[in-house]
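*Asks:* Mind having a look at this structure? Questions to follow.
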Amino acid sequence: MSNEHLYALVMAGGGGTRLWPLSRHTHPKQMLQLFGDRTMFQLSVDRLLPLLPVEHVLVVTAAEQVDGLAAQYPSLPRENFIVEPMGRGTASCIGLAALHLRRRDPEAVMVVVTADHFIQKEEAFRETLLAAQEIAGQGHLVTLGITPTEPSTGYGYICRGADLGVAHGLPYFRVKHFTEKPDLAAAQRFLQEGTYSWNSGMFIWRVDRILEEIQRWMPALCDTLLTLDAVLDTPAYMETLQRHWPSVHKETIDYGIMERADRVAVIPVDLGWSDIGAWPAVMALHTTDAHNNVVVGDVIPLDTFDTMIFAHGDRLVATIGINDLIIVDTPDALLIARPDQAQRVRDIVDQLKAGGREDKL
């Protein structure tokens, strides 16, 4: 199958609040070098390019992040950046991008990825996208299900049903149902049953199909998109977008479309995938020293064990006699937390917002 009509949408507008204090409004996690010498955004585009030209990569992000992302990938055409005035969930983000893409190529097949995932097996990822392109060509809405390695309570799950066939050597199945983040007992049961995958949040579909489903299941969003479509290539577009977008209902593509649509298929895959949602996920991607520490920057760890120390800046960080901590030092803020409390970084961000301390966000 030709890749002439294959495009990718990189959703890159998140704030990455659980990676504070390194992740900030104007420099969120997708712009950070969390491991290696490439940022999360650069890696997300890099892994797509052997499959499609850079001109076929679209990016949806916030206005204040466009310049930073464009500077990180100068070969990406500036017109490929789609500005979302404010976050309204993945359903509206995808709908807006689908509108732009349909205008460019009505026959487009759209790959939806996010800029904050890590994928170790990049060649397997691209082969999976080719399989998904073939399945999407048959009219299915395709999602990638990650083969679980543990009973995680941090991910949603996809239960697969009937066998639908094989594409590019990969079996795919009808989606029986989606399940939100479960408790530990349910996650253990899902792992034992063997018919559940982690919900990766990656999707592949024909652009006309996803817009059909938005029209069917999210008519209010569809009305807004039709209003925008009427002025898409005119000077009135940005003003119309700014006027109508605040009233769009905030909803995920999972709730809004995927859990309701009929022709939904899942490809279960092992991609070495990780959702970099909090500091322990960053720690897991780094090589540890002899004491199981992850050390980044100018750090001296004495009698320190099972700890991540991320020194970002010119300051030396020294530790003595500690274990099982996450320490993130930046020029104007220091985070010290136990790994099992790392999800609560968002609570710190909420307190800063409530206190009007925007300078720390």
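The values are calculated or read from the model by the stated rules, or taken from the named source; none is laboratory data. Note that the structure is predicted; figures quoted are calculated from it, not measured. Neighbour counts run over all protein chains shown; Cβ positions are idealised from the backbone, glycine included.
*Asks:* Kindly provide the set of residues from the range 312-325 that are buried (at least 18 other Cβ atoms within 10 Å of the Cβ) and farther than 28 Å from His27 by Cα, ordered by number.
*Replies:* None - no residue of the range 312-325 is buried (at least 18 other Cβ atoms within 10 Å of the Cβ) and farther than 28 Å from His27 by Cα, so the list stays empty.
*Asks:* Would you kindly identify the strands (runs of 3 or more DSSP E) lying entirely within the range 96-153 that contain at least 3 residues that are within 18 Å of Glu55 (Cα to Cα)? Write out each step before concluding.
*Replies:* Details: elements: 109-114, 117-119, 141-146.
Those strands (runs of 3 or more DSSP E) span 109-114.
*Asks:* Considering only residues that are in a loop (DSSP other than H, G, I, E, B) and in contact with a helix residue (DSSP H, G or I) (Cβ under 7 Å, 6 or more places away or on another chain), look in the range 267-278 and name the one that is surrounded by the most Cβ atoms within 10 Å (Cβ to Cβ).
*Replies:* Step one: list which residues in the range 267-278 are in a loop (DSSP other than H, G, I, E, B), which gives 270-272, 276-278.
In the following step, the residues that additionally are in contact with a helix residue (DSSP H, G or I) (Cβ under 7 Å, 6 or more places away or on another chain) were identified as 271, 276-278.
Numbers: Leu271: 20, Ile276: 24, Gly277: 19, Ala278: 21.
Applying the filter and picking the extreme gives Ile276.
*Asks:* On the basis of being in a helix (DSSP H, G or I) and of a type in the set (Val, Ile, Thr), does Ile82 make the cut? Before you say what the answer is, go through the steps one by one.
*Replies:* Numbers: in a helix (DSSP H, G or I): no; of a type in the set (Val, Ile, Thr): yes.
Criteria not met by Ile82.
Residues are listed down the side, and each one gets a yes or a no for (1) in contact (Cβ under 8 Å) with a residue 60 or more places away in the chain; (2) of a type outside the set (Lys, Arg); (3) part of a strand (DSSP E or B); (4) closer than 27 Å to Val345 by Cα:
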{"residue": "Glu251", "(1), (2), (3), (4)": "yes, yes, no, yes"}
{"residue": "Asp254", "(1), (2), (3), (4)": "yes, yes, no, yes"}
{"residue": "Ala265", "(1), (2), (3), (4)": "yes, yes, yes, no"}
{"residue": "Pro280", "(1), (2), (3), (4)": "yes, yes, no, yes"}
{"residue": "Thr287", "(1), (2), (3), (4)": "no, yes, no, yes"}
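*Asks:* Still on this structure, I have one more. If a residue has to be crowded, with 18+ Cβ neighbours inside 10 Å and either of a type in the set (D, E, K, R) or assigned to a strand (DSSP E or B) (or both) to count, how many in the range 334-350 make the cut?
*Replies:* Summing the residues that are crowded, with 18+ Cβ neighbours inside 10 Å and either of a type in the set (D, E, K, R) or assigned to a strand (DSSP E or B) (or both) in the range 334-350 gives 2.
*Asks:* Of all residues being touching a residue at least 60 places away in the same chain (Cβ under 8 Å) and of a type in the set (Lys, Arg) in the range 1-60, which is surrounded by the fewest Cβ atoms within 10 Å (Cβ to Cβ)? Just the residue, please.
*Replies:* Arg47
*Asks:* Looking only at residues in the range 61-79 that are in contact (Cβ under 8 Å) with a residue 12 or more places away in the chain and part of a loop (DSSP other than H, G, I, E, B), which one is farthest from Ala8 (Cα to Cα)? Even if it seems obvious, please write down each step before you answer.
*Replies:* Within the range 61-79, the subset in contact (Cβ under 8 Å) with a residue 12 or more places away in the chain is 61-66, 68-69, 72-73, 75-77.
This time we only want the ones that are part of a loop (DSSP other than H, G, I, E, B), so: 62, 73, 75-77.
Details: Ala62: 18, Tyr73: 15, Ser75: 15, Leu76: 12, Pro77: 14 Å.
Step by step, filter the range 61-79, then rank; the result is Ala62.
*Asks:* So, in the range 284-297, how many residues would count as being closer than 20 Å to Leu19 by Cβ and either in contact with a His (Cβ under 7 Å, 6 or more places away or on another chain) or at pLDDT 90 or above (or both)? Walk me through how you get there before you give the answer.
*Replies:* Going through the range 284-297, the residues closer than 20 Å to Leu19 by Cβ turn out to be 284-288, 293-297.
Going one step further and asking which of them are either in contact with a His (Cβ under 7 Å, 6 or more places away or on another chain) or at pLDDT 90 or above (or both), we end up with 286-288, 293-297.
Count: 8.
*Asks:* Return yes or no: is Leu221 assigned to a helix (DSSP H, G or I), surrounded by 15 or more Cβ atoms within 10 Å (Cβ to Cβ), among the hydrophobic types (A, V, I, L, M, F, W, C) and in the same structural domain as Ser23 (by TED's automatic domain parsing)? It would help to see each step written out before you state the result.
*Replies:* Working: assigned to a helix (DSSP H, G or I): yes; surrounded by 15 or more Cβ atoms within 10 Å (Cβ to Cβ): yes; among the hydrophobic types (A, V, I, L, M, F, W, C): yes; in the same structural domain as Ser23 (by TED's automatic domain parsing): yes.
Spelling it out, Leu221 is indeed assigned to a helix (DSSP H, G or I), surrounded by 15 or more Cβ atoms within 10 Å (Cβ to Cβ), among the hydrophobic types (A, V, I, L, M, F, W, C) and in the same structural domain as Ser23 (by TED's automatic domain parsing).
*Asks:* Continuing with this model, one more query. Condition first: hydroxyl-bearing (Ser, Thr, Tyr) and assigned to a helix (DSSP H, G or I). Now tell me which residues in the range 228-249 satisfy that. Can you show your working first?
*Replies:* Here is the first cut: in the range 228-249, the ones hydroxyl-bearing (Ser, Thr, Tyr) are 234, 237, 240, 247.
If the condition is that a residue be hydroxyl-bearing (Ser, Thr, Tyr) and assigned to a helix (DSSP H, G or I), then Tyr237, Thr240, Ser247 are the ones that fit.
*Asks:* Taking the options Gly154, Gly145, name whichever one is under 20 Å from Ile210 (Cβ atoms) and touching a residue at least 24 places away in the same chain (Cβ under 8 Å).
*Replies:* Gly145
*Asks:* From the list Asp105, Asp116, exactly one residue is of a type in the set (Asp, Glu) and closer than 14 Å to Ala12 by Cα. Which is it? Break it down stepwise before answering.
*Replies:* On the way: Asp105 fails: closer than 14 Å to Ala12 by Cα.
Result of the check over Asp105, Asp116: Asp116.
*Asks:* Identify, from the list Ala71, Ala97, Ala108, the residue that is under 17 Å from the mean Cα position of the chain (by Cα) and either closer than 23 Å to Arg216 by Cβ or at pLDDT 95 or above (or both). Write out each step before concluding.
*Replies:* Numbers: Ala71 fails: under 17 Å from the mean Cα position of the chain (by Cα); Ala108 fails: under 17 Å from the mean Cα position of the chain (by Cα).
The unique qualifying residue is Ala97.
*Asks:* A further question follows. Tally up the residues in the range 146-175 that are surrounded by 15 or more Cβ atoms within 10 Å (Cβ to Cβ), charged (D, E, K, R) and at pLDDT below 95, please.
*Replies:* 1
*Asks:* So is Gln215 modelled with pLDDT of 95 or more, not hydrophobic (A, V, I, L, M, F, W, C) and not in a loop (DSSP other than H, G, I, E, B) or not?
*Replies:* On the way: modelled with pLDDT of 95 or more: yes; not hydrophobic (A, V, I, L, M, F, W, C): yes; not in a loop (DSSP other than H, G, I, E, B): yes.
Yes: the conditions hold for Gln215.
*Asks:* A further question follows. Condition test on Ile309, is it surrounded by fewer than 15 Cβ atoms within 10 Å (Cβ to Cβ), part of a strand (DSSP E or B) and not charged (D, E, K, R)? Show your work before the answer.
*Replies:* Details: surrounded by fewer than 15 Cβ atoms within 10 Å (Cβ to Cβ): no; part of a strand (DSSP E or B): yes; not charged (D, E, K, R): yes.
No: the conditions fail for Ile309.
*Asks:* Quick one: would you say Arg206 is under 28 Å from Asp105 (Cα atoms), modelled with pLDDT of 95 or more and crowded, with 16+ Cβ neighbours inside 10 Å?
*Replies:* Taking the combined requirement at face value, the residue satisfies it.
*Asks:* Of the residues in the range 284-298, how many are buried (at least 20 other Cβ atoms within 10 Å of the Cβ) and either among the aliphatic types (A, V, I, L, M) or over 30 Å from Pro148 (Cβ atoms) (or both)?
*Replies:* Step one: list which residues in the range 284-298 are buried (at least 20 other Cβ atoms within 10 Å of the Cβ), which gives 293-295.
From what is left, the residues that are either among the aliphatic types (A, V, I, L, M) or over 30 Å from Pro148 (Cβ atoms) (or both) are 294-295.
Residues flagged as buried (at least 20 other Cβ atoms within 10 Å of the Cβ) and either among the aliphatic types (A, V, I, L, M) or over 30 Å from Pro148 (Cβ atoms) (or both) within the range 284-298 amount to 2.
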